[in-house]
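The values are calculated or read from the model by the stated rules, or taken from the named source; none is laboratory data. Keep in mind that what you see is a predicted model, and the values were worked out from it rather than measured. So basically every Cβ, Gly included, is an ideal-geometry build from the backbone, and we count neighbours across all protein chains shown.
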2 protein chains.
Amino acid sequence: MTGHNIVPQSFATLETAPTQYIEGRRSRFAYRRLGPSIGTPLILLQHFSGNIDAWDPAVVNALAADRPVIAFDNAGVGRSTGQTPDNVAAMARDAVDFINLLGFPEVDLLGFSLGGRVAQQIAAEHGGLVRKLILVGTSPKGGEEHLLAVLREAFAQSDAPDPRLPLFFTQSSASQSAGRAFLERIKLRKEDRDTENGSAVTDPQAKALITWCATPDHEQAVLRAIHQPTLVVSGSHDTMLPAINAYAMFKGLSNAQLVLYPDSGHGALFQHHETFVSHVRTFLDAKPAADESRTPADNARRIYS
Amino acid sequence: MTGHNIVPQSFATLETAPTQYIEGRRSRFAYRRLGPSIGTPLILLQHFSGNIDAWDPAVVNALAADRPVIAFDNAGVGRSTGQTPDNVAAMARDAVDFINLLGFPEVDLLGFSLGGRVAQQIAAEHGGLVRKLILVGTSPKGGEEHLLAVLREAFAQSDAPDPRLPLFFTQSSASQSAGRAFLERIKLRKEDRDTENGSAVTDPQAKALITWCATPDHEQAVLRAIHQPTLVVSGSHDTMLPAINAYAMFKGLSNAQLVLYPDSGHGALFQHHETFVSHVRTFLDAKPAADESRTPADNARRIYS
């Protein structure tokens, strides 16, 4: 339950790991690498306007307790150089460049919101690169169109101390309390913090989001091209992306597990971070289904061995 | 992941535990008690026509690794005496009698299918008795009406070696293979097996099911009376209870988490038993949300302590 408690002290945390850089053709990528050196790496794909320090240390450090975890800025974002593209396909291309630069033959992806669209695109186009896929607070292509209005409204709430309080959390006192705790956690790193993103990042990202949401995909070509085991996660009251989007993705994917959390918004993974980490671990550690070539008795023995 | 591997050998299993009996006013109840003696007991509420030996040892034994788990026959079922009632409310009353006879002031409930309806009724009527609620492959009152047709069809498939193969598992080879492994596991107990149920049990149970499904509850009075944390679980392709029922329960409950599994039918909990057990544990072990009276800094400290 409390995975972060078992992070060996010798491992760097999101707050203490040095930011590293790796040079590609189109971008020099900033990233932080956590956890053990062995195992399938989990690559984190960030939300609209977010940088490396917008990830919740409670989630990232706990996940890094037993697998390599890599948070990075995609091209143009935070302290990565290059141009922020205005479409999801180019963001997916840049993220694949980054993964290839690090030399990983196979990775797991955790994509949150905009990062979830990028993760879908990568899994659909680069099946061999992706072992398992985690999609949080996101939507299928062409699936949701009122998100931008909510975003605009939230950013206009100038009395909110941080737009993430109304956007990522519900109005319940429990959720708002969890939201304030989240905002404290992401401030824990004091030195070598990532660069905040301006309009050179958010303008093309917004265009990419609008296009993704508005481009119909009646055939569900993206979802149907994804064959990896996929964990779909959403909050119960995500005002930007109602939970029915997550249900639709679950139905459209051939091998998906769906998890929805109570009294939570877009930031459900940060609000319910202990449960979320446990679910991600269970999902990533699960072995493939029992081998059909075994007899039932074999399988029964295997289960009790 | 593999909780059953850590079951101490000293604990009895579903296959080896002696069947015990306890005498109530309306019934002498047959039950088996597993796991440690300390902790909130998890009471299992069984599906239509099922007895104690219809539970999957892989699920029950793994859950009993770190909490008391009690499987029992409700009044009239299996080796319990008394009359099987023809309505869910009376089944709930009998189950509460049983829990009271064992002297538990508070329990967790895991209700599967018909047992899930009984669990909802108990949680709605006896809020103080139930700490947490797990509802698997079930539906809200008035929520589903085509179940009986599917049941009838499945039992008519005389070429199926067991009606649970077509009813609890999908037609994919992976799911059927998991189904055969499940059927092997539930046969592992050789001595002191529970009694199979005849029409004196299944007729009134069928009437109870029909009535529950056909009685409208437009106000969702049952769901709205449930305030316990609830885990709702379903398979992706439950032919008796399409997964949208689980989604509707999640939406109607005030504090529910939803988990849906891929390529699975009514018996999703048996097919995905390792993942299911992990999810149940995570849910039952989760502490309540962070105390709002703490400051965010307190919460951050708490999270890293």
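Computed quantities for the displayed model
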| quantity | calculated |
| --- | --- |
| Residue within region A:218-237 that is at pLDDT 95 or above, surrounded by fewer than 19 Cβ atoms within 10 Å (Cβ to Cβ), outside any loop (DSSP other than H, G, I, E, B) and within 14 Å of chain B (Cβ to nearest Cβ) present | no |
| Any hit, region A:18-32, residues being part of a helix (DSSP H, G or I) and not aromatic (Phe, Trp, Tyr) | no |
| Filter pass, B:Val96 being surrounded by 22 or more Cβ atoms within 10 Å (Cβ to Cβ) and among the β-branched types (Val, Ile, Thr) | no |
| Failed criterion for A:Arg189 (all others in (1) at pLDDT 95 or above; (2) part of a loop (DSSP other than H, G, I, E, B); (3) farther than 22 Å from A:Ile52 by Cα hold) | (3) |
| Where A:Ile6 falls short, out of the listed (1) modelled with pLDDT under 95; (2) of a type in the set (Val, Ile, Thr); (3) surrounded by 20 or more Cβ atoms within 10 Å (Cβ to Cβ) | (3) |
| Members of region A:161-173 that are outside any loop (DSSP other than H, G, I, E, B), within 12 Å of chain B (Cβ to nearest Cβ) and crowded, with 19+ Cβ neighbours inside 10 Å | A:Leu165 |
| Residue ID - farthest from A:Ala246 (Cα to Cα), chosen from residues in region A:125-142 that are modelled with pLDDT of 95 or more and out of contact with any strand residue (DSSP E or B) (no Cβ under 7 Å at 6 or more places or on another chain) | A:Gly128 |
| Residue check for B:Gly116: within 24 Å of B:Ile244 (Cα to Cα), among the small types (Gly, Ala, Ser) and at pLDDT below 90 | no |
| Tally, over region B:33-46, of residues that are in contact with an Asp or Glu (Cβ under 9 Å, 6 or more places away or on another chain) and more than 19 Å from B:Ala119 (Cα to Cα) | 3 |
| Residue check for B:Ile210: within 14 Å of chain A (Cβ to nearest Cβ), more than 24 Å from A:Leu231 (Cβ to Cβ) and β-branched (Val, Ile, Thr) | no |
| Any hit, region A:167-183, residues being out of contact with any Ser or Thr (no Cβ under 8 Å at 6 or more places or on another chain), among the charged types (D, E, K, R) and either in contact (Cβ under 8 Å) with a residue 12 or more places away in the chain or under 30 Å from B:Ser172 (Cα atoms) (or both) | yes |
| Some residue of region A:183-199 being within 8 Å of chain B (Cβ to nearest Cβ), farther than 30 Å from B:Phe276 by Cα, of a type in the set (A, V, I, L, M) and touching a helix residue (DSSP H, G or I) at 6+ places or on another chain (Cβ under 9 Å) | yes |
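Rundown of residues vs (1) among the aliphatic types (A, V, I, L, M); (2) modelled with pLDDT of 95 or more; (3) within 19 Å of A:Gly267 (Cβ to Cβ), yes/no style:
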position	(1), (2), (3)
A:Asp86	no, yes, no
A:Val96	yes, yes, no
A:Val107	yes, yes, no
A:Glu144	no, no, yes
A:Val150	yes, no, yes
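Residue by residue, here is whether (1) buried (at least 22 other Cβ atoms within 10 Å of the Cβ); (2) within 19 Å of the chain's Cα centre (by Cα); (3) among the hydroxyl-bearing types (Ser, Thr, Tyr) holds:
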{"position": "A:Phe11", "(1), (2), (3)": "no, no, no"}
{"position": "A:Leu44", "(1), (2), (3)": "yes, yes, no"}
{"position": "A:Ser49", "(1), (2), (3)": "no, yes, yes"}
{"position": "A:Ala58", "(1), (2), (3)": "yes, yes, no"}
{"position": "A:Pro68", "(1), (2), (3)": "no, yes, no"}
{"position": "A:Ala75", "(1), (2), (3)": "yes, yes, no"}
{"position": "A:Thr81", "(1), (2), (3)": "no, no, yes"}
{"position": "A:Asn87", "(1), (2), (3)": "no, yes, no"}
{"position": "A:Pro105", "(1), (2), (3)": "no, no, no"}
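Every residue, every condition in (1) part of a loop (DSSP other than H, G, I, E, B); (2) not small (Gly, Ala, Ser), yes or no:
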position: A:Gly78; (1), (2): yes, no
position: A:Gly82; (1), (2): yes, no
position: A:Met91; (1), (2): no, yes
position: A:Gly128; (1), (2): no, no
position: A:Leu135; (1), (2): no, yes
position: A:Lys141; (1), (2): yes, yes
